[in-house]
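Report on the structure given below.
What follows is calculated from the coordinates using simple rules that are stated; it is not laboratory data. Source: prediction; values computed, not measured. Reconstructed Cβ throughout: ideal geometry from the backbone, glycine too, with neighbour counts over all protein chains shown.
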C-alpha cells in the first residue's frame, strides 16, 4: 500500500469528524498563517484552529516568496484576511544548505540552473524578520500593519516572538 493509499483510507474513516465551519472560503478569524512545510509543525494543533478559521500557507522554510505574496494578495483582497502570522522554526532544512551549493547540485543533476531563490538562511530569527519586511513593504498587500513573526521550537513545542518584529 502506498502512502497515498494510507491517507485515503484514513480520510474514508473520518466521516464528518472535522470540526469547524466549511460554509465560506473566507477565514472567520481573518488571519493567514505562513509556515514551513516541515511535518513537525502541526499548524491546526499548534494554534487550536478549527476548520474555516484561517488560511494556512506553507513552503520550504516558511519564507515569504513571490508566490506567498501572490497567495496573500488573494487572501487579503478577495477573501478578507487582515492579519499575517509568520512561523518559521528551529532545526530547519533551509538553514543546512547554501543558495549556491543547492543551485549547483540542481544544475549538475538536471543541466539547468534554477532562476528562483532557495532562500537559505543561517539564523532563523533573521529570516523571520526578512519575511515580515517583505509583507510589510509589498505594494500588492493592503493590510500590512498586523504582521507578526515567531520561531517555533520543534523540540520544545514553544513559540517565541521575534524581537523587533512586532509593530
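Pairs of Cα atoms nearer than 8 Å and 6+ residues apart set the relative contact order; for the stretch 85-167 it is 36 percent. A simple packing score, the average count of other Cβ atoms within 10 Å per residue, orders the peptides 108-118, 80-90 as 80-90, 108-118, with the highest score first.
For the pair the stretch 29-58 and the stretch 100-167, the centres of their Cα atoms are 16 angstrom apart.
Our estimate of slack between residue 112 and residue 66, defined as 0.36 nm per intervening residue step minus the Cα-Cα distance, is 14.5 nm.
In this simple spin-label model, placing a label point 7 Å from the Cα along the Cα-to-Cβ direction at both residue 90 and residue 2 gives a separation of 3.7 nm. Here the stretch 59-101 yields Rg over Rh of 1.09, to two decimals, using C-alpha coordinates and the Kirkwood radius. Using Cα pairs closer than 8 Å and at least 6 residues apart in sequence, work out the relative contact order for the stretch 27-161, in percent. This gives 28 percent for the stretch 27-161. Size of the chain from its Cα atoms: along the principal axes, largest to smallest, the extents are 48, 47, 33 Å.
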